[in-house]
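To keep things clear, I will list the structure first and then write my remarks on it.
The values are calculated or read from the model by the stated rules, or taken from the named source; none is laboratory data. Here the structure is a predicted model, which is why all the values come from computation and not from measurement. Quick reminder, even Gly has a Cβ in these numbers, built from the backbone with ideal geometry, and neighbours come from all protein chains shown. Heads up: the accessible areas ignore ligands, DNA and RNA and are worked out on the full protein's heavy atoms, side chains in. Shrake-Rupley method; radii C 1.70, N 1.55, O 1.52, S 1.80 Å.
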Amino acid sequence: IAQLKASMIEPNGQTFASLVSIKSGVRVQAWQRTTPVHFTRDAAMDVFNSTQVYDWGVPEGQSGPPILGTFAQIIRPSMLDVFNASNLVTYCDQPTGVPNFNLIWPYTNIHFYNLYKPGASPLEFHIWLIGFEYLNGQPRLYSMEQVLWSP
(Lines give C-alpha, C1' and ligand atoms only; values in the text may rest on other atoms or scores of the structure.)
Protein backbone atom coordinates (compact mmCIF):
# COMPACT_ATOMS: atom_id res chain seq x y z
CA ILE A 1 0.00 0.00 0.00
CA ALA A 2 2.88 2.36 0.78
CA GLN A 3 4.38 1.67 -2.65
CA LEU A 4 1.02 2.23 -4.34
CA LYS A 5 0.64 5.53 -2.50
CA ALA A 6 4.16 6.58 -3.50
CA SER A 7 3.47 5.73 -7.14
CA MET A 8 0.38 7.98 -7.07
CA ILE A 9 2.02 10.92 -5.25
CA GLU A 10 5.06 11.05 -7.52
CA PRO A 11 3.23 9.69 -10.61
CA ASN A 12 5.70 6.87 -11.21
CA GLY A 13 4.59 4.32 -13.79
CA GLN A 14 7.58 2.07 -13.17
CA THR A 15 6.73 1.72 -9.48
CA PHE A 16 3.03 1.28 -10.22
CA ALA A 17 3.71 -1.38 -12.87
CA SER A 18 6.03 -3.28 -10.54
CA LEU A 19 3.05 -3.82 -8.22
CA VAL A 20 0.71 -5.11 -10.95
CA SER A 21 0.11 -8.84 -11.28
CA ILE A 22 2.14 -10.22 -14.16
CA LYS A 23 -0.41 -13.04 -14.40
CA SER A 24 -3.70 -11.10 -14.25
CA GLY A 25 -2.89 -7.43 -14.73
CA VAL A 26 -4.99 -4.99 -12.70
CA ARG A 27 -8.69 -4.22 -13.06
CA VAL A 28 -9.55 -0.61 -12.22
CA GLN A 29 -13.09 0.57 -11.50
CA ALA A 30 -13.65 4.30 -11.13
CA TRP A 31 -17.07 3.59 -9.61
CA GLN A 32 -18.58 0.54 -7.96
CA ARG A 33 -20.56 -1.81 -10.19
CA THR A 34 -19.09 -0.51 -13.44
CA THR A 35 -17.07 -2.45 -15.97
CA PRO A 36 -13.40 -2.42 -14.96
CA VAL A 37 -10.69 -1.09 -17.22
CA HIS A 38 -7.93 -3.69 -17.45
CA PHE A 39 -4.23 -2.80 -17.50
CA THR A 40 -1.46 -5.27 -18.16
CA ARG A 41 1.84 -4.70 -16.40
CA ASP A 42 3.25 -3.20 -19.62
CA ALA A 43 0.30 -0.81 -19.99
CA ALA A 44 0.60 0.16 -16.32
CA MET A 45 4.09 1.56 -16.99
CA ASP A 46 2.56 4.46 -18.91
CA VAL A 47 -0.71 5.16 -17.04
CA PHE A 48 0.41 8.55 -15.74
CA ASN A 49 1.62 9.83 -19.13
CA SER A 50 -0.76 8.11 -21.50
CA THR A 51 -3.32 10.18 -23.41
CA GLN A 52 -5.51 7.07 -23.84
CA VAL A 53 -9.07 8.03 -22.85
CA TYR A 54 -11.14 5.32 -21.17
CA ASP A 55 -14.86 4.92 -20.58
CA TRP A 56 -15.10 4.68 -16.78
CA GLY A 57 -18.88 4.33 -16.79
CA VAL A 58 -21.47 6.28 -14.84
CA PRO A 59 -21.33 6.54 -11.05
CA GLU A 60 -24.09 4.52 -9.41
CA GLY A 61 -27.23 6.54 -8.76
CA GLN A 62 -26.38 9.10 -11.42
CA SER A 63 -27.49 9.42 -15.01
CA GLY A 64 -25.97 10.94 -18.09
CA PRO A 65 -23.14 10.03 -20.38
CA PRO A 66 -20.26 7.89 -19.13
CA ILE A 67 -17.27 9.61 -17.57
CA LEU A 68 -14.39 9.65 -20.05
CA GLY A 69 -10.77 10.42 -19.26
CA THR A 70 -7.27 9.14 -18.77
CA PHE A 71 -6.08 7.22 -15.73
CA ALA A 72 -4.17 10.33 -14.63
CA GLN A 73 -7.30 12.52 -14.95
CA ILE A 74 -9.84 10.23 -13.29
CA ILE A 75 -8.15 7.64 -11.06
CA ARG A 76 -5.05 9.38 -9.69
CA PRO A 77 -6.82 12.46 -8.19
CA SER A 78 -9.39 10.24 -6.50
CA MET A 79 -6.73 7.97 -5.04
CA LEU A 80 -4.76 10.98 -3.83
CA ASP A 81 -7.89 12.29 -2.10
CA VAL A 82 -8.01 9.09 -0.04
CA PHE A 83 -4.27 8.56 0.44
CA ASN A 84 -3.74 12.16 1.60
CA ALA A 85 -6.66 12.20 4.04
CA SER A 86 -5.58 12.87 7.60
CA ASN A 87 -8.39 10.63 8.83
CA LEU A 88 -7.67 7.66 6.52
CA VAL A 89 -8.32 4.27 8.12
CA THR A 90 -6.91 1.12 6.52
CA TYR A 91 -8.49 -2.28 7.00
CA CYS A 92 -7.19 -5.60 5.74
CA ASP A 93 -9.82 -8.05 4.46
CA GLN A 94 -12.53 -6.13 6.36
CA PRO A 95 -15.35 -4.40 4.47
CA THR A 96 -15.90 -1.94 7.34
CA GLY A 97 -17.97 0.98 6.06
CA VAL A 98 -18.50 -0.54 2.60
CA PRO A 99 -22.22 -0.68 1.79
CA ASN A 100 -23.42 -3.78 -0.06
CA PHE A 101 -19.94 -5.28 -0.04
CA ASN A 102 -21.12 -8.65 -1.35
CA LEU A 103 -22.66 -6.94 -4.38
CA ILE A 104 -19.64 -4.85 -5.32
CA TRP A 105 -16.73 -7.21 -4.56
CA PRO A 106 -16.99 -10.04 -7.09
CA TYR A 107 -13.58 -11.58 -6.43
CA THR A 108 -13.27 -14.79 -4.48
CA ASN A 109 -9.94 -15.69 -2.89
CA ILE A 110 -8.60 -12.18 -3.47
CA HIS A 111 -7.36 -10.41 -0.36
CA PHE A 112 -8.01 -6.69 -0.17
CA TYR A 113 -7.21 -3.50 1.65
CA ASN A 114 -10.06 -1.18 2.43
CA LEU A 115 -8.76 2.40 2.30
CA TYR A 116 -11.56 4.18 4.13
CA LYS A 117 -11.83 7.96 4.33
CA PRO A 118 -14.74 8.86 6.60
CA GLY A 119 -16.68 12.02 5.89
CA ALA A 120 -18.43 14.64 7.98
CA SER A 121 -21.51 12.41 7.97
CA PRO A 122 -21.85 8.62 7.66
CA LEU A 123 -22.83 8.97 3.99
CA GLU A 124 -19.88 11.11 2.92
CA PHE A 125 -17.27 8.34 2.90
CA HIS A 126 -14.71 7.74 0.16
CA ILE A 127 -13.27 4.24 -0.21
CA TRP A 128 -10.80 2.47 -2.43
CA LEU A 129 -10.78 -1.34 -2.28
CA ILE A 130 -7.35 -2.58 -3.36
CA GLY A 131 -7.27 -6.28 -4.23
CA PHE A 132 -4.15 -8.43 -4.22
CA GLU A 133 -3.42 -11.88 -5.52
CA TYR A 134 -0.41 -13.78 -4.30
CA LEU A 135 2.08 -15.12 -6.84
CA ASN A 136 4.97 -17.15 -5.45
CA GLY A 137 4.08 -15.79 -2.02
CA GLN A 138 4.30 -12.15 -3.14
CA PRO A 139 1.27 -9.82 -3.19
CA ARG A 140 0.50 -8.35 -6.61
CA LEU A 141 -2.03 -5.68 -7.47
CA TYR A 142 -5.14 -7.39 -8.88
CA SER A 143 -7.92 -4.81 -8.63
CA MET A 144 -8.69 -1.25 -7.59
CA GLU A 145 -12.30 -0.24 -7.00
CA GLN A 146 -13.60 3.11 -5.83
CA VAL A 147 -16.69 3.15 -3.63
CA LEU A 148 -18.56 6.39 -3.08
CA TRP A 149 -21.88 7.14 -1.52
CA SER A 150 -24.48 7.72 -4.23
CA PRO A 151 -27.75 9.54 -3.62
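Considering only residues in region 14-24 that are crowded, with 18+ Cβ neighbours inside 10 Å and of a type outside the set (S, T, N, Q), the one that is nearest to residue 77 (Cα to Cα) turns out to be 16.
Conditions (1) touching a residue at least 40 places away in the same chain (Cβ under 8 Å); (2) β-branched (Val, Ile, Thr); (3) touching a Gly at 6+ places or on another chain (Cβ under 6 Å), marked per residue:
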| site | (1), (2), (3) |
| --- | --- |
| 8 | yes, no, no |
| 19 | yes, no, no |
| 22 | yes, yes, no |
| 25 | no, no, no |
| 30 | yes, no, no |
| 34 | no, yes, yes |
| 39 | no, no, yes |
| 43 | no, no, no |
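Residue 103 satisfies every condition listed in (1) in a helix (DSSP H, G or I); (2) under 14 Å from the mean Cα position of the chain (by Cα) except (2).
Would it be correct to say that residue 95 is surrounded by 15 or more Cβ atoms within 10 Å (Cβ to Cβ), within 27 Å of residue 135 (Cβ to Cβ) and modelled with pLDDT of 95 or more? Walk me through it before giving the result.
Working: surrounded by 15 or more Cβ atoms within 10 Å (Cβ to Cβ): yes; within 27 Å of residue 135 (Cβ to Cβ): yes; modelled with pLDDT of 95 or more: no.
Criteria not met by residue 95.
The test for being out of contact with any helix residue (DSSP H, G or I) (no Cβ under 8 Å at 6 or more places or on another chain), in contact (Cβ under 8 Å) with a residue 40 or more places away in the chain and under 20 Å from residue 49 (Cα atoms) holds for residue 74. For region 65-87, filtering for residues that are open to solvent by 50 Å² or more (accessible area, probe 1.4 Å) and outside any strand (DSSP E or B) leaves 10. When residue 47 is tested against (1) open to solvent by 70 Å² or more (accessible area, probe 1.4 Å); (2) assigned to a loop (DSSP other than H, G, I, E, B); (3) under 15 Å from residue 26 (Cα atoms), just one condition goes unmet, and that condition is (1).
Search region 122-151 for residues being open to solvent by less than 40 Å² (accessible area, probe 1.4 Å) and assigned to a loop (DSSP other than H, G, I, E, B), and hand back the single one that is modelled with the highest pLDDT. Top of the filtered list is 125.
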